[in-house]
C-alpha cells in the first residue's frame with residue numbers, strides 16, 4: 001500500500017479503502033459514489049471538501065448517537081445537528097459499516113451483488129431519506145465517475161450453498177480460486193476463502209469469478225499488486241505484521257482447539273495442526289485479537305526496560321497464527337505449507353504485504369518474553385512461499401540468522417531493547 005496522505009483526507013480515504021480487503025469489494029464503487037455526494041462542499045466542488053469531511057473526517061454525514069458513541073466516535077456539532085467525528089479514514093470506514101450494521105438496516109449484507117439496490121435499501125430504511133433524489137444522485141456519480149478516479153466494476157456472483165457443498169467445490173464451479181469466495185456478515189465482517197470455515201446449507205456467498213492468471217507457464221505472484229507499510233514508524237493504517245506463534249502441545253485436534261480456545265480474543269486468529277489443517281477461531285478481518293505483550297502497553301509489568309512502546313496502539317496491527325508442536329520440537333512440512341498459504345490469505349485480506357515476524361521478536365525486551373516459535377526454519381518457510389509464486393524479496397521479513405546465528409539468540413533477554421516496528425536483522429542482544 002502506498003503512503004496514505006495524512007490518513008484524514010479524501011486521497012487517504014481512496015488509497016486505504018481501495019487497498020483493503022476488510023470491506024465488501026463489490027460495494028466499494030457505490031459507497032465511494034455515495035461519499036462523493038455527501039462530502040462535497042457544494043454540487044460543483046471536489047469530494048472531501050465539506051466542513052464535516054475536513055474537520056471531522058466524516059465523509060457521509062453520519063449522525064452522532066449513543067450507538068456510535070459506543071463504537072468510539074467523537075461528537076462534532078454543526079448548526080443544530082450532532083455528527084460523528086473520526087480520528088482517521090480507517091475509523092470513518094469502520095464507523096460507516098458499523099452504522100449500517102445496526103438493526104435499522106438488517107438486510108444490507110444480502111445486497112452485496114446489487115450496488116444500487118443496496119443504496120435504495122439504505123434510503124428506504126431511513127438513511128438520509130429527506131433527499132428524494134438520493135438514489136438517482138448517487139447512481140449518476142456511480143455511472144460517470146468523473147472525479148479523477150478510475151474505479152472498475154467489481155461484479156460478483158451470488159451463490160446459495162446447497163447441502164454438502166464445500167469451499168473448493170464451489171470455487172471450481174466458477175473457475176475461481178478459493179480466496180475469491182467471500183461472505184458478508186450483517187455486522188460488516190468480510191470473510192474470504194479458507195477463513196469461511198464450515199459451510200451450512202442456505203449460506204449466502206459471493207464469488208469474484210476471475211481466476212488467478214499465469215505468466216509464461218509460471219504462477220503469477222499472488223501478492224504482486226500489494227506493497228508493505230512504507231512508514232519507518234510503522235504507523236500505517238490497518239494491519240502491518242503477520243506474527244508466527246507456537247502452541248507447545250503437539251497433540252491438538254480441531255475439536256480441542258475450539259473447545260480450549262474458541263471465543264477467546266487472547267489467542268490466535270488460526271491454529272495450524274501438525275497435519276497441516278488450519279483451524280480458524282477468528283477471521284483475518286477481526287482486529288481485536290491480542291496474543292502478545294506488546295499489545296497491552298498499559299500493563300505495568302509489560303513495560304520494557306529498554307526502548308518504549310509507540311505513540312499508537314500496536315493492538316489492531318497484528319495477525320496471529322499459532323503452529324502446534326512439542327516443546328523443543330519443530331514444525332512439520334505440512335505446517336510450513338499451510339502457514340505459507342495462510343500468509344497469502346492474510347495479505348490478500350488486509351490489502352498489504354505483511355511483515356513476517358515471530359512472537360520472540362514482537363515482544364523483544366519485555367520481561368519474561370516468549371521464545372516461540374522454537375526451531376522454526378525461516379529460510380525454508382520463505383522457500384515455500386517462493387514455490388507458491390510469491391516474490392519473497394519484496395516482503396519485509398525476519399532474518400533466519402537473527403534466530404539461528406548463535407545458540408543464545410534463541411532465548412530473549414530481559415535487557416534486550418523493545419522496538420516497534422520490530423527489528424528484523426542483526427544480533428538481537430546488541
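The values are calculated or read from the model by the stated rules, or taken from the named source; none is laboratory data. This is a predicted model, so every value here is computed, not measured. Cβ atoms come from the backbone with ideal geometry, glycine included; neighbour counts cover every protein chain shown.
Of the residues making up the range 36-58, those that are under 22 Å from the mean Cα position of the chain (by Cα) and either in a helix (DSSP H, G or I) or at negative phi (or both) number 1. The residues of the range 68-90 that are more than 24 Å from residue 16 (Cβ to Cβ) and out of contact with any strand residue (DSSP E or B) (no Cβ under 9 Å at 6 or more places or on another chain), listed by number, are 78, 79, 80. Could you tell me how many of the residues in the range 70-97 are crowded, with 20+ Cβ neighbours inside 10 Å and in a helix (DSSP H, G or I)? Residues that pass the stated criteria total 8.
Only a single criterion out of (1) within 22 Å of residue 137 (Cα to Cα); (2) free of Cβ contacts under 8 Å to residues at least 60 places away in the same chain; (3) surrounded by fewer than 19 Cβ atoms within 10 Å (Cβ to Cβ); (4) out of contact with any strand residue (DSSP E or B) (no Cβ under 9 Å at 6 or more places or on another chain) is not satisfied by residue 46, namely (2). Taking every residue in the range 406-422 that is on the phi < 0 side of the Ramachandran plot and pairing it with any residue that is assigned to a strand (DSSP E or B) and modelled with pLDDT under 95, at least 6 positions away or on another chain, the pairs with Cβ-Cβ distances below 7 Å are 415/306; 417/306; 418/306.
In summary, helices (runs of 4 or more DSSP H) completely within the range 320-430 and bearing 3 or more residues that are more than 28 Å from residue 253 (Cα to Cα) occur at 401-404. A single entry from 61, 67 fulfils the requirement of being assigned by TED's automatic domain parsing to the domain that holds residue 23 and part of a helix (DSSP H, G or I): 67.
Of all the numbered requirements in (1) surrounded by 18 or more Cβ atoms within 10 Å (Cβ to Cβ); (2) part of a helix (DSSP H, G or I); (3) modelled with pLDDT of 90 or more, residue 136 misses one, and that requirement is (1).
Within the range 300-321, the set of residues being without any contact (Cβ under 8 Å) to a residue 60 or more places away in the chain and under 22 Å from residue 268 (Cβ atoms) comprises 313, 315.
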